[in-house]
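Visitor: Questions regarding the structure given below will be posed in turn.
The values are calculated or read from the model by the stated rules, or taken from the named source; none is laboratory data. Just so it is clear, the structure is predicted and the values come from calculations on it, not from any experiment. FYI the Cβ positions are ideal-geometry reconstructions off the backbone, even for glycines, and counts take in every protein chain you see. These area figures cover heavy atoms from the full protein model, side chains too; ligands, DNA and RNA do not enter into them. Shrake-Rupley method; radii C 1.70, N 1.55, O 1.52, S 1.80 Å.
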Amino acid sequence: SEDLLNLVSEDSKVDIPKAMVDREIKFRMNQLGKTLEQIRITMEQYLQMVKKTKEEVEQEHYHDAYQKVKADLVLKAITDKEDIEATDADLEKEIVSWNLKEPLTLDQLKADPQVDMETFRKNVARKKTIEFLIEEARISK
């Protein structure tokens, strides 16, 4: 689906807000920090090992962050244009796909204050949009 997203967003004319790219770079840097933490390396140690500044590492993430933000914006536009929504039935189907040992209901998820239902619903709608694109794709080589 990443290849399809790249194809769809490649020729799309979208204004990409710098703040969104910066936020994605910050997210990626935080993920890198968490990964380093798990292997007991500080960011400073990592930067010394790779002989780069934090700014250089951030700049290395720029292209991928830009592409991700662009793909997300294009997907959102398609989701809106095609009126794709995540219904409660879609959410329940997603929960079942998790194959949890202890069955979980949508109501239990909604009752959990740690669960951001809006984000969950958006993620399921995004997944449905990707599925829509795959079904509708007419890719020729």
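Visitor: Can you find, within region 89-100, the residue that is surrounded by the most Cβ atoms within 10 Å (Cβ to Cβ) among those that are part of a helix (DSSP H, G or I) and out of contact with any Lys or Arg (no Cβ under 9 Å at 6 or more places or on another chain)?
Guide: Within region 89-100, the match that is surrounded by the most Cβ atoms within 10 Å (Cβ to Cβ) is Ile95.
Visitor: Look through region 30-67, keep the residues that are among the hydrophobic types (A, V, I, L, M, F, W, C) and part of a helix (DSSP H, G or I), and return whichever of them is farthest from Asn123 (Cα to Cα).
Guide: Here the residue is Met49.
Visitor: Please find, among Lys110, Lys70, the residue that is open to solvent by less than 60 Å² (accessible area, probe 1.4 Å), among the basic types (Lys, Arg) and assigned to a helix (DSSP H, G or I).
Guide: Just a single option satisfies the conditions, and that option is Lys70.
Visitor: Picking from Ile84, Ile78, which residue would you name as being modelled with pLDDT of 95 or more, surrounded by 13 or more Cβ atoms within 10 Å (Cβ to Cβ), under 26 Å from Lys127 (Cβ atoms) and among the β-branched types (Val, Ile, Thr)?
Guide: The match here is Ile84.
Visitor: Since Glu56 meets every condition but one in (1) over 15 Å from Phe27 (Cβ atoms); (2) at pLDDT below 95, which condition does it not meet?
Guide: So Glu56 meets the others, but not (2).
Visitor: Now for a different question. Looking at region 116-138 only, could you name the residues that are assigned to a loop (DSSP other than H, G, I, E, B) and either farther than 24 Å from Leu75 by Cβ or modelled with pLDDT under 95 (or both)?
Guide: Ala137, Arg138
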